[in-house]
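Worksheet: the structure to be examined is printed underneath.
The values are calculated or read from the model by the stated rules, or taken from the named source; none is laboratory data. Everything numeric in this text was worked out from a predicted model, so none of it was measured. Backbone-built Cβ (ideal geometry, glycine too); neighbour counts: all protein chains shown. The area values use the complete protein model at the heavy-atom level, side chains included, leaving out ligands, DNA and RNA. Shrake-Rupley method; radii C 1.70, N 1.55, O 1.52, S 1.80 Å.
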Amino acid sequence: MVNEILTATGLPYKESRFLKPPTTTYAIFNDSVDRRGGDNINLLSQHDVSIELYEYEPDPKAEKALEDQLDSRGIEYSKEARYWLQTEQMYQVVYDFTYYQKGGN
């Protein structure tokens, strides 16, 4: 699901990190998964997702594109305030959300 969301935004993205970051706004995501179920069969996955949006300048269009994708899927999320990463010389906006997936994967 995270790949679908980020692909639809049109932003460059990777899981965990870029070896060589793009020169435009980009996203990094992390997806932690807990699996559980009854009768010794794990058929429910809880995905705790964090999407980090990196911006060289504040990029309200990129934020809106991501928020529109989350909203269109009815995903509740929290958004941290944009802050400046001095060591990276970039802004960062972090989105966190959880979703559940039934089935074997």
(request) Note down the nm distance, to one decimal, between modelled labels 7 Å out along Cα→Cβ at ASN3 and at SER78. (result) 2.9
(message) Test of the criteria: in the stretch 8-105, which trypsin sites (Lys or Arg not before Pro) are in a DSSP loop and have at most 14 other Cβ atoms within 10 angstrom of their Cβ?
(response) ARG17, ARG73
(request) Provide the per residue accessible area, probe 1.4 Å, for the chain, rounded to a whole number of square angstrom. (result) 63
(request) Return the sequence-ordered ³J(HN,Hα) values of the stretch 44-57 in whole Hz as given by the Karplus equation 6.51 cos²θ - 1.76 cosθ + 1.60 applied to θ = phi - 60°, using x for Gly and Pro. (result) 10, 10, 9, 9, 9, 10, 10, 10, 9, 9, 9, 10, 6, 9
(request) Two decimals is fine: what is log10 I(q)/I(0) at q = 0.20, 0.22, 0.24, 0.29 Å⁻¹ for the stretch 10-53, from a Debye sum with one equal scatterer on every Cα and no solvent? (result) -0.66, -0.73, -0.79, -0.98
(request) Classify the chain as rounded, prolate or oblate, taking a ≥ b ≥ c as the square roots of the eigenvalues of its Cα gyration tensor: rounded when a/c is under 1.5, otherwise prolate if a/b is larger than b/c and oblate if not. (result) prolate
(request) Check cross-link reach from LYS79 to the lysines: straight Cα distance under 16 Å, and skip same-chain residues fewer than eight apart. (result) LYS61, LYS64
(message) Residues of the stretch 10-24 with backbone nitrogen within less than 14 Å of a virtual label 7 Å along the Cα-to-Cβ line of LYS61, please, listed as ranges.
(response) 10-12, 24
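So how strong a dipole does the chain carry about its Cα centre when Lys and Arg Cβ are +1 and Asp and Glu Cβ are -1, to the nearest 20 debye? If you can, show how the numbers build up before the last one.
On the way: 11 positive and 18 negative charges, 53 e Å.
Using only the charged Cβ atoms, the result is roughly 260 debye.
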(message) Using only Cα atoms and rounding to the nearest 10 degrees, what angle (0 to 90) does helix 60-72 make with the longest principal axis of the chain?
(response) 20
